[in-house]
Amino acid sequence: MRALTLLLAGLLAVAAPAVAQQRQLDPLDEGAKDASWTDFKKQLLTATQKRDREFVLGTLDGDVRSGLDGARGPEEFSRQWGLDSDTSPFWEELATVLALPAAYHRPEKGPLELCVPYVAVRWPQDTEAFGGGAIIVPKALVKSAPSAAAGTLATLSFHLVEVTDWEVNDRSADSKQKWVKIRLKNGEGYVPEEQIRSPIEHAACFTRGESGWRMMGFGPGGGK
């Protein structure tokens, strides 16, 4: 599913210079010091674990974004994400992004938004989005093959990298681990898929108003 999402979103990507591996992406969490945000995030995480559709719908802005086709609103959001089902990918996707640092984003129109994860917001505008990824951990071991037992080629820390394949099966048929194939200065290697994010993967954006935090969008690049 991840590879398909990136393929569809990539159709709208604008070409830019390739990723330079020596660059890093600041993972500073701009929402961490806001008690109202951390409390709300905990409530929303609990709601995803319980598949609490009523709570989630109650957080949606009336003009919430849910995808790349331009349709908006809670009803369309619920339809696109299949919120009536406990097996909808929404629940795991949202929990995944909420576990990552957040960054503020100022849209061309509308209020300031806090988006998770930070990758899409902080991605350098002079760097290709579709063909790149950001390492989101301090010590990602780059393996010579898609296997934890393979030799380590490098250790990356919040680096920007060029991606050549977003979904590679583990070398062992018994392992469920997925890998992402990246390009190094002197060849190619593999990192676990949970240690890297694309700037055009799903992101959730929120604003805080008088009634509390509201979800403004959830989808590729924040549902824009």
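Data table
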{"read-out": "So Arg53, is it farther than 19 Å from Pro220 by Cβ and more than 18 Å from the chain's Cα centre (by Cα)", "value": "yes"}
{"read-out": "Members of the range 94-135 found to be of a type in the set (Asp, Glu), in a loop (DSSP other than H, G, I, E, B) and under 19 Å from Thr59 (Cβ atoms), listed by number", "value": "none"}
{"read-out": "Single unsatisfied condition, Asp63 versus (1) more than 12 Å from the chain's Cα centre (by Cα); (2) within 24 Å of Thr46 (Cβ to Cβ)", "value": "(2)"}
{"read-out": "Qualifying residues in the range 178-208 (those that are among the β-branched types (Val, Ile, Thr) and farther than 14 Å from Gly131 by Cα) - the one surrounded by the fewest Cβ atoms within 10 Å (Cβ to Cβ)", "value": "Thr207"}
{"read-out": "Exclusive hit being of a type outside the set (Val, Ile, Thr), exposed (fewer than 13 other Cβ atoms within 10 Å of the Cβ) and within 23 Å of Lys109 (Cα to Cα), set Gly62, Gly67, Gly73, Gly31", "value": "Gly62"}
{"read-out": "Single match in Ser147, Ser175, Ser157, Ser211 (criterion: small (Gly, Ala, Ser), in the same structural domain as Val116 (by TED's automatic domain parsing) and either surrounded by fewer than 16 Cβ atoms within 10 Å (Cβ to Cβ) or within 23 Å of the chain's Cα centre (by Cα) (or both))", "value": "Ser211"}
{"read-out": "Candidate set from the range 143-200 (those that are in a loop (DSSP other than H, G, I, E, B) and charged (D, E, K, R)); member that is modelled with the lowest pLDDT", "value": "Lys185"}
{"read-out": "Of all residues in the range 83-104 being more than 15 Å from the chain's Cα centre (by Cα) and surrounded by 13 or more Cβ atoms within 10 Å (Cβ to Cβ), the one that is farthest from Gln195 (Cα to Cα)", "value": "Leu83"}
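The values are calculated or read from the model by the stated rules, or taken from the named source; none is laboratory data. As the structure is a computational prediction, the values presented were derived from the model and not from experiment. FYI the Cβ positions are ideal-geometry reconstructions off the backbone, even for glycines, and counts take in every protein chain you see.
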